Amino acid sequence: MLKKLDQHQSALQFSQALPYGAILHDGGVQFVVFSRSATAMRVLLYNSVDDREPSEVIHFDRETDRWGDIWSTFVPGVGTGQLYHFQAEGPFDPEHGDRFNGNARLIDPYARALAGRFLPSEGGEVYPPKCVVVDDLFDWQGDRHLKRNLSETIIYEMHVRGFTRDHSSGCNHPGTYLGVIEKIPYLKSLGVTAVELMPVHEFPTESPWGHKLDRPNYWGYDPLAFFAPHRGYASSSVPGAQVNEFKEMVRALHQAGIEVILDVVFNHTAEGNERGPTLSFKGLENRVYYMLGNGGSFYRNYSGCGNTINGNHPVVREMIFLCLRHWVHNYHIDGFRFDLASILSRDRQGELLPNPPLVELIAEDPLLADTKIIAEAWDAAGAYQVGSFANMRWAEWNGRYRDDIRRYWRGDVGQTGHLATRLAGSSDLYQPGGRQPYHSINFITSHDGFTLNDLVTYSVKHNEDNHEGNRDGDNNNLSANYGVEGPTRRRAVEAIRLRQIKNFLATLLLSQGVPMVLYGDECRRTQRGNNNAYCQDNNISWFNWKLLEKNQELVRFTRCLIEFRRANPAVRRIDFLKGQPLLPGALPDVSWFTAEGQEVDWSNPDGSLVCVFGAPQGSEDPQGVSRHVLLFMHAGILPREFQVPMLARSILWRRFIDTAAASPADIFPDFDGPLLAAAEPLTLADRSMVCFVSAPMAKIPRVFTAPSPR
């Protein structure tokens, strides 16, 4: 049996009350936890992940082990790998927000790793996975954050498990952090500069009552422990192995020049509402960790998931910012995307704040100064803050970009003005607040909704496999099937679908702002019309690697687009376009024309547009090859003749993209496409884009700098 040091020796050797969690020392571990209302606190120690009962129970002494509202005790003789829970006594008064249960086993809010499964007890309580004492030492081999400028970033949103879980991946460690390492050569060949990983903090994969779920939690938007990487993505079952495997993945991605952005969920937890289990926060200080209503008897639900984290309470605010620091310092994470970030702007009563303390704290924290911070600037209770979320440090998922580009290429009337605004970096949203084009994270698709293939294959969602009567998921997809709902062998329909996919990808990667590509869109990954595949841990969601060969034409097209974007500063400006030349005799940074080559009347519902992006000149050139870009865009359903604008006729242009052409004439990565006969009309096929580029204005070695993302 373990013996606790006598009170005098403990006070002499380890009297500190912080940091929180299970902190390793020579000879033992300091266990530190916050609870304001608890009347007693215990640490339960286990020998095995399958043990229902602890091997040792350590009682905190209220006189010597409590510092204000922090309980802290040193336990000798334990170390790395030790399994534990907390257990707290206190008032049980649900009508007023207190939910202490002296029999409940509780996850440490600061646990660095979890192990094992949920275990039912004879008394009916839920025993959650056990916490693991972790040693953060790791050989990083000199690794540091890459600190790539946000304007030079190309994001690839992906699911760790889904990326390699399918047997077609050929991975030795499918569905794991190590599996991602095996596919780094592919990511590098694609040219993306950052992966945005769907949630990797601990989340339950089974019911808290220990049985298999009809709708398993595949996406991971249901946190159990914010500081702990998900054990289900580790190849080893040894408790705590996920910590080193995750670090190995980050180190390997950095060695390949790829940054790692985490999708973090600081808006709710897996404990659910008043009918949900007590797993951690409820049993330690329910009234502090959650937004409560009606005097504390129910949970305010701005997340759509049953409860809402009380992010602007000082104690919770501290936990969140310490968690971010933990991922940046201990895991070398390069940035964060905040799920339902508008919740971070709500006060303790759920009202939106004009200057939310938590949002400012994240923006101003010195340890996070080199990281990218991205908001999903809305929540499930109606807040929509795209363009107005926060200050210069925050970028945003631009939902208006997604919707406007979808509407334009679907052929909706009167969309050319919206198209132009989104192509130019969404100045309507970001310029009034002093922000820049790179604060707009542009995307057509994401994990939430249709894949790009399905966007042009289905007119309505098909979520029957979710067993919710097809009631879940968004009904407003702005999609089209072009004559047949679902897969077809009709060549004419397939030709339009492929052309539209190329239109979307070309628009995305030639727009000012920061592009985000959903994993598998480059090879037509399909979810068979499911636009809410949160519970589909199967081939509906997994990346089918056979699609790379089947759709190699599209993969090539995407790679060439990404390479062009990385090399050409004309399509990734750091300042908003002014429509004026920067130097005498130079082209304006942007010019807009009708199909007839005339000035645009933005009130005209015409679905065709011509755009010229003038290349940056002289000292304003970032790294890359500076070329003018001439775009012809046509969303109509019949071919159309375009005139080359007079402004562009004195320049030598070569065709770069033609989305209506068959491969390899759809894209010319060496800029050796046919010359543009400027004095002659140019005919565009229906629903197509043609892009020309000028001879290079300047040739600069393609080596990317690493300034601050601010």
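What whole-number distance in Å separates the alpha-carbon centres of the stretch 54-112 and the stretch 280-306?
20
Tell me, how many Å apart are the Cα centres for the stretch 562-641 and for the stretch 202-216?
51
Each residue of the stretch 356-371 in order: what ³J(HN,Hα) in whole Hz does its phi give by Karplus 6.51 cos²θ - 1.76 cosθ + 1.60, θ = phi - 60°, with x for Gly and Pro?
Whole-Hz 3J(HN,Hα) from phi for the stretch 356-371: x, x, 5, 4, 5, 4, 5, 5, 9, 4, x, 6, 8, 4, 9, 9.
What value, in deg cm²/dmol to 500, does the helix sum -39500 (n - 2.57) over DSSP H runs of n ≥ 4 give at 222 nm once divided by the residues of the chain? Could you put the intermediate results ahead of the total?
Details: 15 runs with 142 residues, N = 710.
Result for the chain: -6000 deg cm²/dmol, rounded to the nearest 500.
So for the chain, taking the charge dipole from beta-carbon charges (+1 Lys/Arg, -1 Asp/Glu), which of 199, 636, 425 sits furthest toward the positive end?
636
Can you give me the long-range amide H partners of residue 373? Hydrogens built in the peptide plane at 1.01 Å from N, cutoff under 5 Å, separation of 5 or more residues or another chain.
For residue 373, the qualifying residues are 336, 395.
Given contacts defined as C-alpha pairs under 8 Å and at least six residues apart, what's the relative contact order of the chain, whole-number percent?
Answer for the chain is 11 percent.
As I understand it, the dipole of the chain uses +1 on the Cβ of Lys and Arg and -1 on the Cβ of Asp and Glu, about the Cα centre. Which of 273, 16, 462 lies farthest toward its positive end?
Checking the options against the dipole of the chain, the answer is 462.
Under 5 Å between amide H atoms, partner at least 5 residues away or on a different chain: which partners does residue 524 have, H built in plane at 1.01 Å?
For residue 524, whose amide H was placed from the backbone, there are no distant partners under 5 Å.
Would you work out which of 411, 224, 677 lies farthest towards the positive end of the dipole of the chain, given +1 charges on the beta-carbon of Lys and Arg and -1 on that of Asp and Glu, about the Cα centre?
With unit charges placed on the Cβ atoms, the residue in question is 677.
Subtract the Cα-Cα distance of residue 413 and residue 315 from 0.36 nm times their separation in residues, and report this length gain in nm to one decimal.
Separation in residues times 0.36 nm, less the Cα-Cα distance, equals 30.2 nm.
What does the charge count near residue 405 come to, summing +1 for each Lys or Arg and -1 for each Asp or Glu among other residues with Cβ under 12 Å from its Cβ?
Around residue 405, the surrounding residues sum to +3.
Answer rounded, prolate or oblate for the stretch 577-699, using the Cα gyration tensor with square roots of eigenvalues a ≥ b ≥ c: rounded when a/c is under 1.5, else prolate when a/b is larger than b/c, else oblate. Kindly include the intermediate steps, with their values, before the conclusion.
Working: a/c = 1.99, a/b = 1.24, b/c = 1.60.
Oblate shape, in that a/c is at least 1.5 and b/c is the bigger or equal ratio.
With +1 on the Cβ of every Lys and Arg and -1 on the Cβ of every Asp and Glu, and nothing else charged, how large is the dipole of the chain about its Cα centre, in debye rounded to the nearest 20?
1600
What residues qualify as long-range amide H neighbours of residue 56, i.e. H under 5 Å apart, gap of 5 or more or another chain, H built at 1.01 Å from N?
Distant-sequence amide H within range of residue 56: 45.
Compute, for the stretch 71-204, the length of the dipole vector about the Cα centre, with Cβ point charges of +1 (Lys, Arg) and -1 (Asp, Glu) only. Units Debye, rounded to 20. Let's see the in-between values first.
Values: 12 positive and 17 negative charges, 121 e Å.
Taking the Cα centre of the stretch 71-204 as origin, the dipole is about 580 debye.
Between rounded, prolate and oblate, where does the stretch 7-132 land on the alpha carbon gyration tensor, with a ≥ b ≥ c its root eigenvalues, rounded for a/c under 1.5, else prolate if a/b exceeds b/c?
oblate
Excluding residue 665 itself, what net charge comes from residues whose Cβ is under 9 Å from its Cβ, given Lys and Arg +1 and Asp and Glu -1?
Net charge in that neighbourhood comes out at -1.
All other residues with a Cβ under 9 Å from the Cβ of residue 634 taken together, and with Lys, Arg as +1 and Asp, Glu as -1, what is their net charge?
It works out to a net charge of +1.
Using only Cα atoms, locate the centre of the stretch 448-476 and the centre of the stretch 144-173, then give the distance between them in Å, rounded to an integer.
24
For log10 I(q)/I(0) by the Debye sum over Cα atoms at q = 0.09, 0.11 Å⁻¹, the choices are [x] -0.80, -1.13; [y] -0.91, -1.24; [z] -0.99, -1.10; which was calculated from the structure?
The value matching this structure is [x].
Mind putting a number on the dipole of the stretch 530-579 about its Cα centre? Charges go on the C-beta only, +1 for Lys and Arg and -1 for Asp and Glu, and I need it in Debye to the nearest 20. All intermediate terms of the calculation are to be shown ahead of the outcome.
Working: 9 positive and 5 negative charges, 63 e Å.
Once rounded to the nearest 20, the dipole reads 300 debye.
Bear in mind that the values in this text are calculations on the coordinates, not laboratory data. Given the structure is predicted, the values throughout are model-derived calculations rather than measurements. Reconstructed Cβ throughout: ideal geometry from the backbone, glycine too, with neighbour counts over all protein chains shown.
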